[in-house]
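Just so it is clear, none of the values below were taken in a lab; they were calculated from the coordinates. Predicted model only: the values in this text are computed from it and were never measured. Here the Cβ positions follow ideal geometry from the backbone for every residue, glycine too, while neighbour counts run over all protein chains shown.
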Amino acid sequence: MIDTQQKLDALVRNVRACDLCAAHLPLGPKPLIHVSAQSRILIASQAPGTKAHLSGKSFYDASGDRLRKWLELTSEEFYDTQKVAILPMGLCYPGRLPQGGDKPPRPECAPTWRDKVLSLMPNLRLTLLVGSYSQRHVLGPGSVTDRVQNFRDYLPEYFPLPHPSWRTGVWERRAPWFQTEVIPALRHIVHAILREED
């Protein structure tokens, strides 16, 4: 495992030095990746927002607060890479769309780095597919709502979730089953994995 961690550390240094998309990034390249060879749960998300970019911490904003509440994890647990890894589809803040909202993750990012990083994370037990971009990358085209509602179809490897942005509050009011069925199951599975002995 030490050898695997050393290889992952070396790869992460290369990832953090990446400037492949620099010409397209309004705030410049600053790849955010939080991983360990010991990580058990992977959060596969979209791309960092401006607050994450400025802080250097993924989900360091209101969407992160919402996601941590869904998972029933403290900030300390959430950012403990021995437990939880965060590997977005795009590792840098992609900028804003003219009509509002963040641009999609840069298309070069996941094909360049994702499989290399995951190959050095042998202890992963569950991947949370947060939002449409990660779900499309892993599962192909499909409806986020359908996938979240039918989350059991993707277990034990994947657990689809909506993106925890402020817009999700509107979606949740139309999908009461999310809080009554999905969230309790999510917490049960996540906490069971984190309680497992090595």
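General remarks:
- Approximating the spin labels as points 7 Å out from Cα along Cα→Cβ, the Glu77-to-Ile193 distance works out to 1.3 nm.
- For segment 24-36, putting each phi into the Karplus relation 6.51 cos²θ - 1.76 cosθ + 1.60 with θ = phi - 60° gives couplings of 9, 9, x, 9, x, x, 7, x, 9, 8, 10, 9, 8 Hz, in residue order, rounded to whole numbers and with x for Gly and Pro.
- The shape of the chain can be summarised by an equivalent ellipsoid whose semi-axes, obtained from the alpha carbon gyration tensor, come to 25, 22, 15 Å from longest to shortest.
- Taking other residues whose beta carbon is less than 11 angstrom from the beta carbon of Ala110, and scoring Lys, Arg as +1 and Asp, Glu as -1, yields +2.
- Estimated inter-spin distance, Glu172 and Lys103, nm [label 7 Å along Cα→Cβ]: 3.1 nm
- Computed on segment 20-103, with alpha-carbon pairs under 8 angstrom and 6+ residues apart, the relative contact order is 45 percent.
- Principal axis dimensions, largest first and in whole angstrom, of segment 110-185 by Cα: 39, 22, 20
- Relative contact order (%) - the chain, alpha-carbon pairs under 8 angstrom, separation at least six: 24 percent
- Magnitude of the charge dipole, segment 89-194, Cβ model with Lys/Arg +1 and Asp/Glu -1, debye to 20: 220 debye
- Amide H to amide H, with H built 1.01 Å from N, Arg96 comes under 5 Å of Lys103, counting only residues 5 or more places away or on other chains.
- Span-like helix criteria (full DSSP H runs; alpha carbon extent of at least 15 Å along the helix axis; mean Kyte-Doolittle hydropathy of at least -0.5) are satisfied in the chain by 183-195.
- Cut-off of 10 Å, at most 13 other beta carbons, DSSP loop: longest stretch of the chain lacking such GluC sites (Glu not before Pro): 1-107
- Nonlocal amide H pairs with Tyr158, under 5 Å, H built at 1.01 Å: Thr127
- Shape of segment 49-166, Cα gyration tensor, a/c cut at 1.5: rounded
- As a length-normalised measure over Cα pairs under 8 Å and 6 or more apart, the relative contact order of segment 110-171 settles at 36 percent.
- Distances between placed amide hydrogens fall under 5 Å for Ile43 paired with Ala85, Ile86, Leu87, Leu128, all partners being 5 or more residues away or on another chain.
- When shorter helices are ignored and each DSSP H run of at least 4 residues is given -39500 (n - 2.57), the per-residue value for the chain at 222 nm works out to -11000 deg cm²/dmol.
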